[in-house]
Amino acid sequence: MSFRLFDAPLREPSQFVGFAGNQIDRQSENRADDAVEKALADQTARLMLMHGGRLYLKLDDGKFDPWFKADKSQAFEVSLDHGVLLGFSDSGPVLAVPAGIEPEKLPETIKAIDYRSVYMQGLIDEAAAGALAQGAALLAWHASHAFCSKCGNRSEMRAGGYRRHCPACGTDHFPRTDPVAIMLTVTREKCLLGRGKHFAPGMYSALAGFIEPGETIEAAVRRETLEEAGIRLGRVVYHASQPWPFPYSLMIGCFGEPLNEDIQADLNELEDCRWFFRDEVRTMLDRQHAGGLITPPKGAIAHHLIRAWVDSE
Ligand SMILES: [Zn+2]
């Protein structure tokens, strides 16, 4: 069961996934406590405005523009004190700021669109989508970590938004990234795909699950595949990763080689799980499956795992 994927990789596979095009220079070594204040005073600063999982976009001549100037953003009831400095682009500082105005009160020319639709519909360029992933994750973390988890007192944002400090007990808290393993079990001939209960009609995808404390990526891949499908894995190899701001995950995509074939699907987690032969999967990727089955869209890391395997021979 030899499976060779890495014969001639021209680019890192991670560069092809959605949310991966972030070009911001983070300058993480230079994050002072007044970094946000200084950045907002810079006339060249560009802001992304976010509210309840939605990104505000200017609609201009059929095109969406996610960038606002600080002085023009007041109309959206922005909370500049809760803004985070993402870093610097060629044109100046880049920030993400929570906006207070309700979407239904926005003018005609501004749309509030949920992050998933922004990415699925390709409404903004890859660099902006990367900035969205960074800003959305940071703002979501601050929104749910206002209080110190050690002593319960209110904590304060520091370091441009990359730390929270508790003045009562002195503890520093740092933004979290939650690792999720997503894995495609493959042989030369077939791969294992499952259908979650909440999936779009006809969609099958790679299995996935959170990596737990004390686990290697490979151990998590083997555990999740065994729990969800009853398939034991031998070799596991890493393929690509994807920032996933729902709310602050990192998807870690792997391939696994099965040691058994008989599937025992966990029907609490999955509606269906089965083997698919390569030709059928190709029709699913190309949206030409006779039964209307599909794989996840191009921005999803699952799409790239599946595509890489289909194209590997
Ligand atoms: Zn504390």
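The values are calculated or read from the model by the stated rules, or taken from the named source; none is laboratory data. Predicted, not measured: the structure shown is a model, and the values here were computed from it. Glycine gets a Cβ as well: all are built from the backbone with ideal geometry, and neighbour counts include every protein chain shown.
Considering (1) touching a strand residue (DSSP E or B) at 6+ places or on another chain (Cβ under 9 Å); (2) at pLDDT 95 or above, the lone condition that Gly152 does not fulfil carries the number (1). Ile182 meets the conditions (1) touching a residue at least 60 places away in the same chain (Cβ under 8 Å); (2) surrounded by fewer than 23 Cβ atoms within 10 Å (Cβ to Cβ); (3) closer than 29 Å to His289 by Cβ in every case but one. The failed one is (2).
Out of all the residues in the stretch 256-277, is one or more closer than 30 Å to Leu55 by Cα and of a type in the set (A, V, I, L, M, F, W, C)? Taking every residue of the stretch 256-277 in turn, none turns out to be closer than 30 Å to Leu55 by Cα and of a type in the set (A, V, I, L, M, F, W, C). Would you confirm, using the coordinates I've provided, whether Ser117 is at pLDDT below 95 and more than 30 Å from Pro258 (Cβ to Cβ)? Taking the combined requirement at face value, the residue satisfies it. A single entry from Ile301, Ile263, Ile294, Ile306 fulfils the requirement of being hydrophobic (A, V, I, L, M, F, W, C) and within 30 Å of Trp141 (Cβ to Cβ): Ile301.
Can you tell me how many residues within the stretch 35-69 are of a type in the set (A, V, I, L, M) and either over 17 Å from Ile124 (Cβ atoms) or surrounded by fewer than 17 Cβ atoms within 10 Å (Cβ to Cβ) (or both)? Explain how you work it out, then say what you get.
So in the stretch 35-69, the residues of a type in the set (A, V, I, L, M) come out as 35-36, 39-41, 45, 47-50, 55, 57, 59.
Filter again for either over 17 Å from Ile124 (Cβ atoms) or surrounded by fewer than 17 Cβ atoms within 10 Å (Cβ to Cβ) (or both), leaving 35-36, 39-41, 45, 59.
Of the residues in the stretch 35-69, 7 are of a type in the set (A, V, I, L, M) and either over 17 Å from Ile124 (Cβ atoms) or surrounded by fewer than 17 Cβ atoms within 10 Å (Cβ to Cβ) (or both).
Of all residues in the stretch 271-303, those that are within 30 Å of Ala129 (Cα to Cα) and part of a strand (DSSP E or B) total 1.
Can you tell me which residue in the stretch 136-162 is surrounded by the fewest Cβ atoms within 10 Å (Cβ to Cβ), limited to those that are free of Cβ contacts under 8 Å to residues at least 40 places away in the same chain and in contact with a His (Cβ under 9 Å, 6 or more places away or on another chain)? Break it down stepwise before answering.
Filtering the stretch 136-162 for residues free of Cβ contacts under 8 Å to residues at least 40 places away in the same chain gives 145-156.
Applying the additional criterion that residues be in contact with a His (Cβ under 9 Å, 6 or more places away or on another chain) yields 145, 148-150, 155-156.
Details: His145: 16, Cys148: 21, Ser149: 11, Lys150: 13, Ser155: 24, Glu156: 13.
Residue satisfying both the conditions and the ranking: Ser149.
Of the strands (runs of 3 or more DSSP E) contained entirely in the stretch 81-194, those carrying at least 2 residues that are more than 16 Å from the ligand (Cβ to nearest atom) and of a type outside the set (Ser, Thr, Tyr) fall at 84-89, 92-98, 110-114, 178-186.
Can you work out which of the residues in the stretch 214-254 that are in a loop (DSSP other than H, G, I, E, B), over 20 Å from Ala137 (Cβ atoms) and not hydroxyl-bearing (Ser, Thr, Tyr) is nearest to the chain's Cα centre (by Cα)?
Within the stretch 214-254, the subset in a loop (DSSP other than H, G, I, E, B) is 214-216, 230-232, 245-248.
Subsequent filtering for residues that are over 20 Å from Ala137 (Cβ atoms) retains 214-216, 230-232.
Right, trim to not hydroxyl-bearing (Ser, Thr, Tyr) and you get 214-215, 230-232.
Values: Gly214: 23, Glu215: 21, Gly230: 27, Ile231: 27, Arg232: 28 Å.
The qualifying residue nearest to the chain's Cα centre (by Cα) is Glu215.
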